[in-house]
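A.B. asks: Here it is, the structure in full.
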Amino acid sequence: MSRKIAVFGTGYLGATHAACMAELGHDVLGVDVDEAKLGKLAAGELPFYEPGLPEVLRRNIENGRLRFTPSYQEAADFADVHFVAVGTPQKHGELAADLRYVDAVIESLAPLLSRPSVIFGKSTVPAGTAARLNGRVRELAPVRDQAELAWNPEFLREGFAVKDTLHPDRIVLGVDSARPGNAEAVARDVYAPQLEQNIPFLVTDLATAELVKTSANAFLATKISFINAIAEVCEATGADVSVLADAIGHDARIGRRFLNAGIGFGGGCLPKDIRAFIAMAGELGAGQAFALLREVDSINMRRRNKMVELAREAAGGSFIGARIAVLGAAFKPDSDDVRDSPALNIAGQIQLQGAAVSVYDPEAMQNARQLFPTLQYATDVCSACSGADVVMILTEWGQFTSLDPYELAKSVRQRTIIDGRNCLSPEGWRNAGWTYRGIGKP
Ligand code: NAD
């Protein structure tokens, strides 16, 4: 059955969720406090890069199933199913998550709920948040117990957001076990097309649902830091971490995905989510989890410093007077997200130490410029690499992994390439006369 849905927060998660819910046949209203963003979305323009999403957005605006508004009142009048998709960034100067945006949605929306409604939280939050907010909803809503809050964590990956929303690996729903209410029935209605595809649907309590998301991110971060720790050992012994990862990855218990050694993880989720996990574990007195994730974080941050040192060595021992080309600014390919991007962090450090750094990214230039306005930005690969002493691949865009080493040699001053993502063929580049340096490789 088609439902009337409001989605609060129209960023990477919310805009995708709103457009995909309309794609499933629901009537959807996207709500945000950023009116410029709403204006763009309403005009069918996506304020960020996400392959396949602009088509879904435009199709559903045209067929009238998707609209946008800054008005909470309009959303409360229109919908009885509400999704919270606002940001939960790291608190300034602390490890914990900043829940002020999630709190603000509940404080503004709940007093407007004058008929039975379900609010589904999608943002990533520390365990205990949903129970607290559920209490607030019942306190503030004129319909009291007929307003419910459930937690429905989101697992989409930027770059695959549409596919992950329409065909997720699983749907997780946390409900108030003391008063389960209608949330499960409403979720079954909203996600009926997915449930028909036999996508696993796990219904649990609020804290478990919250923890599923943080644990999934903590595990992925741990896997990346594990292989990067192994890469450090490979570097010390002359072993090859890529061959090693292939070999251990054949073991189905281990699996090959997320085992690529490189400059580590970044983006708007993993770093802040593991830090929020550390803060939460500390508050709950679960010290062991605290120690493991701190180490995961520090192995990850160490990769960035290591990369700066590798570049310095490749530039002849000093950055002064050196030209460094940085290919990649987004935290991963097929995204324009530069939040906590290792590529930009490394580019910034190298420039601060005296090099002339030229950055190019196929999609993230505008966001990168905003975050690091003092870096120099090139219009394409060729101009970024013009006269370079060292070329660094820091985001594995297809455009970079398919570069022709003979062609690129015509632009640079010195044929030295650092493969920060182990995504190039060392032989191919060495055969073309380049000095190739990867991560955890001889
Ligand atoms: P984002 O910063 O891109 O978007 C957040 C949006 O919320 C912004 O547009 C902002 O203007 C809006 N907002 C802030 N306060 C508001 C309010 N009071 N009312 C309405 N809108 C408001 O963030 P994001 O990447 O979409 O992440 C959102 C949440 O989803 C976070 O908790 C994140 O951890 C989680 N998440 C993100 C992803 C992802 O790939 N980006 C994946 C899974 C989960």
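The values are calculated or read from the model by the stated rules, or taken from the named source; none is laboratory data. This one's a predicted model, so the numbers in the text were calculated from it and none came from an experiment. Every residue, glycine among them, receives a Cβ derived from its backbone with ideal geometry; neighbour counts consider all protein chains shown. Each accessible area value is taken on the protein alone, full model and side chains, heavy atoms only, with ligands, DNA and RNA left out. Shrake-Rupley method; radii C 1.70, N 1.55, O 1.52, S 1.80 Å.
A.B. asks: List the pairs from K223/K272; K306/K410; K163/K213; K91/K122 whose alpha-carbon separation is above 22 Å, in the order I gave them.
C.D. replies: Long pairs (Cα-Cα over 22 Å): K306/K410.
A.B. asks: Between V28 and residues 5 or more places away or on another chain, which pairs have amide H atoms under 5 Å apart, with H built 1.01 Å from N, and which residues are they?
C.D. replies: The list, which skips near neighbours in sequence, is I5, L66, R67.
A.B. asks: On to the next question. How large is ³J(HN,Hα), in whole Hz, for each residue of the range 138-143 in order, when computed from phi with the Karplus curve 6.51 cos²θ - 1.76 cosθ + 1.60 and θ = phi - 60°, using x for Gly and Pro?
C.D. replies: Values, residue by residue: 5, 5, 8, 6, x, 8 Hz.
A.B. asks: Restricting to Cα pairs below 8 Å that are 6+ residues apart, what does the relative contact order work out to for the chain? Please round to a whole percent.
C.D. replies: Relative CO of the chain lands at 12 percent.
A.B. asks: With every protein chain kept in place and ligands, DNA and RNA left out, what is the accessible area per residue of the chain? Probe 1.4 Å, answer in Å².
C.D. replies: 42
A.B. asks: Report ³J(HN,Hα) in whole Hz for each residue of the range 177-185, in order, from the Karplus equation J = 6.51 cos²θ - 1.76 cosθ + 1.60 where θ = phi - 60°; Gly and Pro get x.
C.D. replies: 5, 6, 9, x, x, 9, 4, 5, 4
A.B. asks: Something else now. By what distance, in whole Å, do the Cα atoms of the range 221-437 stretch along each of the three principal axes, largest value first?
C.D. replies: 56, 39, 32
A.B. asks: Roughly speaking, to the nearest percent, how much of the chain's 1.4 Å accessible area is carbon and sulfur?
C.D. replies: 54
A.B. asks: Tell me the mean residue ellipticity at 222 nm calculated for the chain from its helices only (DSSP H runs of n ≥ 4, each -39500 (n - 2.57), averaged over every residue, nearest 500).
C.D. replies: -13500 deg cm²/dmol
A.B. asks: Convert 25 °C to kelvin, take the viscosity as 0.890 mPa s, use the Kirkwood radius over C-alpha pairs of the range 74-202 as Rh, and evaluate the Stokes-Einstein diffusion coefficient in µm²/s, rounded to a whole number.
C.D. replies: Value of D from the Cα-based Kirkwood radius: 159 µm²/s.
A.B. asks: When the convex hull of the C-alpha atoms of the range 195-325 is computed, what volume per residue in Å³ does it have?
C.D. replies: In the range 195-325, the Cα hull volume divided by residue count equals 180 Å³.
A.B. asks: Here's another thing I want to ask about it. For I171, enumerate residues with amide H under 5 Å from its amide H, sequence gap 5+ or separate chain, H modeled in the peptide plane.
C.D. replies: F201, L202
A.B. asks: Next up: Where is the GNM fluctuation largest for the chain (alpha-carbon springs, 10 angstrom cutoff): V243, V308, V326?
C.D. replies: V243
A.B. asks: Would you mind working out the magnitude of the charge dipole of the range 4-199 relative to its Cα centre, with +1 at each Lys and Arg C-beta and -1 at each Asp and Glu C-beta, to the nearest 20 Debye?
C.D. replies: With only Lys, Arg, Asp and Glu charged at Cβ, the dipole is about 160 debye.
A.B. asks: Any idea of Y49's accessible area? Nearest 10 Å², probe 1.4 Å.
C.D. replies: 60
A.B. asks: Read phi for every residue in the range 398-412 and hand back ³J(HN,Hα) as whole Hz from Karplus 6.51 cos²θ - 1.76 cosθ + 1.60, θ = phi - 60°, with x for Gly and Pro.
C.D. replies: Here the 3J(HN,Hα) series is x, 4, 8, 5, 9, 4, 8, x, 5, 5, 5, 4, 5, 8, 8 Hz.
A.B. asks: Suppose the chain between E139 and F201 were pulled fully straight at 0.36 nm per residue; how much longer would it get relative to their current alpha carbon spacing?
C.D. replies: 19.4 nm
A.B. asks: Continuing with this model, one more query. List the residues whose amide H sits under 5 Å from the amide H of T416, counting only those 5 or more places along or on another chain, with H placed 1.01 Å from N in the peptide plane.
C.D. replies: For T416, the qualifying residues are V391, T435.
A.B. asks: Return the distance in nm (one decimal) between the two label points of a simple spin-label model at T379 and E55, each offset 7 Å from Cα along Cα→Cβ.
C.D. replies: Computed distance between label sites T379 and E55 equals 3.0 nm.
A.B. asks: Sort 50-62, 309-321 by the packing proxy (mean of other Cβ within 10 Å over each peptide's residues), most packed first.
C.D. replies: Peptide ranking by packing, descending: 50-62, 309-321.
A.B. asks: So, R0 is 35 Å and r is the distance between the beta-carbons of S71 and H92; what FRET efficiency does that work out to, to 0.05?
C.D. replies: After rounding, the FRET efficiency stands at 0.75.
A.B. asks: Rounded to the nearest angstrom and ordered from largest down, what semi-axes does the equivalent ellipsoid of the chain get from its C-alpha gyration tensor (root of 5λ)?
C.D. replies: Sorted largest first and rounded, they come to 42, 24, 19 Å.
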